[in-house]
C-alpha cells in the first residue's frame, strides 16, 4: 500500500484515541484540500522554500538533472523527477522530503499496535483516511480485515466516491464511518470537486442500512460553496432520510495552502477566502438541532 502519513494519538478522527493511516490516491479534487499530496498514488517530492538555503547540494546529486538552482530557490522539473530521494538525503535543512512510501499491511499494523493499550482504555482504534482510503481498495480491505482480527475498533474517513460493489464489501469490516458530505446539489458538487452525488448517496444509504448509528456526517463548510442555509438544510435532509443523527460541521481553513506550494502548485483560491470562525456556524447548528440532529462544530 502507498501511505503518506501515520498519525498516532489522534482524537478527532473517530471515537477515543486513534492511529490514523493516511493512504494515497483520491478521485476528487477539492480546491480546499488539506492533503493535495494524496491526490495521486505516486510518491511526491515536497519542497519547503522557507527552509531552503540554496546550497545546491540537491541539484548536484539529482541523477536526471530535474533540479536547477535559480535566484536562490529551486526549480524542480516534476515531469522529469523520479522521486528517487537522492536530493532528500543530502538536504541539510530538510527543505525537501518525500510524501508517500510503500508499506505492507503488516508494517502498518506493527505501528498501529504500539498503542493498543490506549485504544482499549479509550474506545479508540485505527482510522483509515486519505485521500480516499478505498482508492486502494484491496489494500484497505486487507488492512481492515487484519485490524479486526487483531481486535481493533475500525473507522474509515471516506468521500463516498467509491465503486458501490467494493464499498459494500467493506461495510461489515468498519465499526465507524466518518462520511464526508460536501453538498446536496449534484451540479455544484461536480463543478467544484468532481464528485458524483448520486454515487455518494448510494454508498451512504448502503452504509446507513446496516449501521446508521455508527455514521458521522462530516461537512466542510466552505465560503462561496456551501455556507448557506439552503445547502446545509439539504445536507440535513439527506442525514434524516438515512436515519443518521450525528453531523459535524468543519469550518474552512487554509492548512493545505502550504502543501500546494510545496508541490509547486498554485493554490486554487487566488483571492484567499475568509477563515470561518466557529461562532459563524452556530446558526447552522441550531437549525440541525431543531430537526433532532446532534450537530457540533469541529470533528
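Only the coordinates and a few stated rules stand behind these numbers; no lab work does. Quick caveat: nothing in here was measured; it's all calculated off a predicted structure. Positions of Cβ are backbone-derived with ideal geometry, glycine not excepted, and every protein chain shown enters the neighbour counts.
Roughly how tilted is helix 137-149, in degrees to the nearest 10 and between 0 and 90, from the longest Cα axis of the chain? Roughly 70 degrees between the two axes.
Using the Cβ-Cβ distance between residue 50 and residue 138 with R0 set to 45 Å, the FRET efficiency works out to roughly 0.70. Using equal-weight Cα scatterers in the Debye expression, the normalised intensity of segment 34-154 in log10 at q = 0.21 Å⁻¹ is -1.09.
What the Cβ-Cβ distance of residue 266 and residue 198 gives, at R0 = 30 Å and to the nearest 0.05, is a FRET efficiency of 0.45.
Neighbour counts of other Cβ atoms within 10 Å put 252, 267 in the fewest-to-most order 267, 252.
Mean separation of Cα pairs under 8 Å and 6+ residues apart, divided by the residue count of segment 221-293: what relative contact order is that in percent? Present the calculation step by step, with values, prior to reporting the outcome.
Numbers: 38 pairs, mean separation 31.4, N = 73.
Normalised by residue count, the contact order of segment 221-293 is 43 percent.
Above 35 Å, the calculated P(r) of the chain contains 23 percent of its Cα-Cα pairs.
Calculated on the Cα set of segment 86-155, radius of gyration then Dmax: 15.3, 43 Å. Computed over the alpha-carbon pairs of segment 47-98, the distance histogram in 5 Å steps reads 5, 24, 36, 27, 8 percent, short to long.
This ranking places 50, 258, 245 by how few other beta-carbon atoms lie within 10 Å of each, fewest first, which gives 50, 258, 245. Extension gain for residue 106 to residue 6 (0.36 nm times residue separation, less C-alpha to C-alpha distance): 34.6 nm.
Computed from Cα atoms, the angle from the helix 197-211 axis to the main principal axis of the chain rounds to 60 degrees.
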